[in-house]
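Okay, structure first, notes after.
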Amino acid sequence: ISSETARKQLQKIYLSSEIRRTLHCGCVFDKLNQVFPNLCSNGRVSETGKSKKVIWASLMPSNIFAKSLSCWNKTTCGSRAGKKVKKSQCCSEVSPNFKTRESDMHNIFPMIEEPVISVETNNFYGLWEYRYCKKKGTLRKEISGNTSRAYLYMSFQYKIPLQESLESSFRKWHFEDPPDEWEQKRNDLIEIVQGN
């Protein structure tokens, strides 16, 4: 399954379940993937008042889930026609392992799109969304468990080592915020499509 197909399938899961909120700030989005920042959990009106787009992005970014892959660490693709090829693009073309990790729906969530996205430099993908939260930069308690379980799943599934302090925090968040009804339903629906 390709990353693009996985994201389309996940969007269908959310829309058919009538769950239309982004991960970090709980901002409402519509069928056209438009997000209105004034419709966020504990939200605030954005400075421009303009709508944003939702993207379906990996919570654990590729610079973490791919760093053990040879395509990420070597210049496998090099440059083409004098242009440097991004590591994620290269890995997507040459590594089945990368494609599997990139398209794993258990790690993909709706987030507000930022005009310039650099997955390879962000530690926690999508954190720019917090500018639309009432408490900027604070992980909402009701998603701390969701976040931890996505990271712990990726770590276990693909044997990705996590720093001991980070893993400890994730385990703590897991117990403080157990899975709610939507998270369990999301998991079951992904299992139907993805098989795990």
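Scan region 1-23 for residues that are open to solvent by less than 30 Å² (accessible area, probe 1.4 Å) and either of a type in the set (A, V, I, L, M, F, W, C) or modelled with pLDDT under 85 (or both) and report the count.
Residues that pass the stated criteria total 4.
Conditions (1) at pLDDT 90 or above; (2) touching a His at 6+ places or on another chain (Cβ under 7 Å); (3) of a type in the set (S, T, N, Q); (4) under 27 Å from Gln34 (Cα atoms), marked per residue:
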residue	(1), (2), (3), (4)
Leu59	yes, no, no, yes
Thr75	no, no, yes, no
Gln89	no, no, yes, yes
Pro96	yes, no, no, no
Asn107	yes, no, yes, yes
Pro115	no, no, no, yes
Phe124	no, no, no, yes
Lys134	no, no, no, yes
Tyr153	yes, yes, no, no
Sort out which residues of region 160-191 are loosely packed, with under 15 Cβ neighbours inside 10 Å, more than 22 Å from Lys141 (Cα to Cα) and at pLDDT 95 or above, and write them in order of number.
-> Asp188, Glu191
For region 155-162, state whether one or more residues are in contact with an Asp or Glu (Cβ under 8 Å, 6 or more places away or on another chain) and part of a helix (DSSP H, G or I).
-> yes
Inspect region 33-56 for any residue being modelled with pLDDT under 80 and of a type in the set (Phe, Trp, Tyr) and give the result as yes or no.
-> yes
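The values are calculated or read from the model by the stated rules, or taken from the named source; none is laboratory data. Note that the structure is predicted; figures quoted are calculated from it, not measured. Because the Cβ atoms are built from the backbone with ideal geometry, glycine has one as well, and the counts that use them run over all protein chains shown. The area values use the complete protein model at the heavy-atom level, side chains included, leaving out ligands, DNA and RNA. Shrake-Rupley method; radii C 1.70, N 1.55, O 1.52, S 1.80 Å.
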